[in-house]
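A.B. asks: For reference, the structure I am asking about is given below.
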Amino acid sequence: MINPKKLLDIDSITLESQLEDGKIRVIIVDGIKQEAWITEAPEHGKTLVETRKGDLARVEFEIGYKLN
């Protein structure tokens, strides 16, 4: 789930319901539009949330691979 997914019916969603074993997730909560988005964080890397004029514009991933 690398593409951000809009969470529907956010009034009834709990954080616990979004947990999944072995996964790190990023939840973006927009208090202006009353929306929430969820995406999976990369195993090694950075997640950048970009806004434009107060709106969610994009989520960028900088993914790295660990060398042994």
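A.B. asks: Hey, His44 hits all of (1) touching a residue at least 40 places away in the same chain (Cβ under 8 Å); (2) touching a Gly at 6+ places or on another chain (Cβ under 6 Å) but one; which does it fall short on?
C.D. replies: (1)
A.B. asks: Failed condition for Ile13, given (1) modelled with pLDDT of 90 or more; (2) assigned to a strand (DSSP E or B); (3) of a type outside the set (Asp, Glu), with all others met?
C.D. replies: It is condition (2) that Ile13 fails.
A.B. asks: If you don't mind, there's one more thing I want to ask. Of the residues in region 51-68, how many are of a type in the set (Phe, Trp, Tyr) and touching a His at 6+ places or on another chain (Cβ under 7 Å)?
C.D. replies: From region 51-68, those of a type in the set (Phe, Trp, Tyr) are 61, 65; that's our starting set.
Within this subset, residues satisfying the condition of being touching a His at 6+ places or on another chain (Cβ under 7 Å) are 65.
Number of matching residues: 1.
A.B. asks: Could I ask something else about it? Give all pairs with beta carbons closer than 7 Å in which a residue from region 52-68 that is free of Cβ contacts under 8 Å to residues at least 40 places away in the same chain meets a residue that is assigned to a loop (DSSP other than H, G, I, E, B) and exposed (fewer than 10 other Cβ atoms within 10 Å of the Cβ); count only pairs at least 6 apart in sequence or on separate chains.
C.D. replies: Pairs found: Gly54/Ile32.
A.B. asks: Can you tell me which residues in region 19-34 are open to solvent by less than 70 Å² (accessible area, probe 1.4 Å) and either over 16 Å from Asn3 (Cα atoms) or modelled with pLDDT under 90 (or both)?
C.D. replies: Asp30, Gly31
A.B. asks: Also: Please go through region 29-56 and give me each residue that is in contact with a Ser or Thr (Cβ under 8 Å, 6 or more places away or on another chain) and either farther than 27 Å from Leu67 by Cβ or not hydroxyl-bearing (Ser, Thr, Tyr) (or both), ordered by number. Step through it out loud before you land on a result.
C.D. replies: First, pick out the residues of region 29-56 that are in contact with a Ser or Thr (Cβ under 8 Å, 6 or more places away or on another chain): 39, 41, 47.
If the condition is that a residue be in contact with a Ser or Thr (Cβ under 8 Å, 6 or more places away or on another chain) and either farther than 27 Å from Leu67 by Cβ or not hydroxyl-bearing (Ser, Thr, Tyr) (or both), then Ala41 is the only one that fits.
A.B. asks: All but one of (1) more than 14 Å from the chain's Cα centre (by Cα); (2) exposed (fewer than 10 other Cβ atoms within 10 Å of the Cβ); (3) assigned to a loop (DSSP other than H, G, I, E, B) hold for Asn3; which doesn't?
C.D. replies: (1)
A.B. asks: Please go through region 9-18 and pick out each residue that is farther than 18 Å from Val59 by Cβ and either within 12 Å of the chain's Cα centre (by Cα) or open to solvent by 80 Å² or more (accessible area, probe 1.4 Å) (or both). Spell out how you get there, then give the answer.
C.D. replies: So in region 9-18, the residues farther than 18 Å from Val59 by Cβ come out as 9, 11-17.
Matches in region 9-18: Asp9, Asp11, Leu15, Glu16.
The values are calculated or read from the model by the stated rules, or taken from the named source; none is laboratory data. In this text, all values refer to a predicted model and were calculated from it rather than measured experimentally. All Cβ positions, glycine included, derive from the backbone under ideal geometry; neighbour counts span all protein chains shown. When the accessible area is computed, the model is the full protein with side chains, heavy atoms only, and any ligands, DNA or RNA have been set aside. Shrake-Rupley method; radii C 1.70, N 1.55, O 1.52, S 1.80 Å.
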